[in-house]
Structure formats: C-alpha cells, structure tokens
1. For region 2-50, what does the relative contact order come out to in percent, with C-alpha contacts under 8 Å and a separation of six or more?
2. Which FRET efficiency value, to the nearest 0.05, is calculated for residue 7 and residue 68 with the Förster distance at 25 angstrom and r the Cβ-Cβ distance?
3. What order, most packed first, do the peptides 103-110, 18-25 have when packing is the mean number of other Cβ atoms within 10 Å of each residue?
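Nothing in this text is a laboratory measurement; each read-out follows from the coordinates by a stated rule. Since we're looking at a predicted model, the values are computed, not measured. Cβ: placed from backbone, ideal geometry, glycine included. Neighbour counts: every protein chain shown.
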C-alpha cells in the first residue's frame, strides 16, 4: 500500500535523522545533505517523527459541508475551508446540459449543416484558422451563439468523449 509505505518511509527517515542528531551530533544541514532531503523536512522529522501533529493541524483546518455535513477541504489555513463538499457545491448538483441535450444540439447541427459536428467545428481556435464558413458558423445569430461546444460544456471545459455520442446513436449518417 502506498500510504503505509509513505508512513514507514517517514518513520525510518525520522529515526535516521534522530540518530544523526543525537549520536553523531550533526547539524540539520548535514543531516539534510546525507538524507537527500530539504532542511525543513529534516526539522519536521525531528519535531514530528510520525506526522501525527501535521495531520491534526490539517484536520483542524477542515470545514463541514452546509449541505450534507461531510468534511470539506481546507484552503488557506484555519477558518477558510470550503462551505460545501464537492458533491453538494452549488452548480455541481444538477447539470445544465445533460447528455440528451448535447445530442439534440448535435442533431440540430447535422440538420443545419448536413454533417455531424466535429471538435474542429465547435472550436473557436480552429474556426479562426480555417476562416470562411467555419468562422461564420460561430458568429451570433438572433442573439444566440452557435458555438455549441462552449454552450454545452461551459467556458473552457470540454466533455470527455463517450461511446454513447457516436453518430449512429445520434441518428446521424456520416458522408
């Protein structure tokens, strides 16, 4: 197990650091050089050999989710934990664009342009490079933007490709 290995490695390194300090009277800098670790790490080994104190501090910095009561992640120290856990975070509960709505957008694209959309069709960067019709498709129309990729997924995020979004399942025939 990775966690047990890290714990046992820390304990072993802490014992070696304590030996160097107590038996050989080495400085922290010399111990750090011998162990191949930073001086701050060696100080942590000497102060907190098992890492228990550090875990207790991290635990004190955690918060409690307003939605479900689960522990939340700490951010910048005590008193600054997230108000919601990742599951209850507002906006994360209900997706605005379900897979079915994305499929509908893909069908609408196919009906309008005669072929299923590609990632190139829905990319602003590629449309700028290609120019012409590709760029025209991204222009606002009746106050709506036709750039479906950004509409479906939110700014800057792209959906992971799923086998359920194949042209055959969408009812689209490729040319």
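1. Across region 2-50, relative contact order equals 45 percent.
2. 0.25
3. Order by mean packing, descending: 103-110, 18-25.
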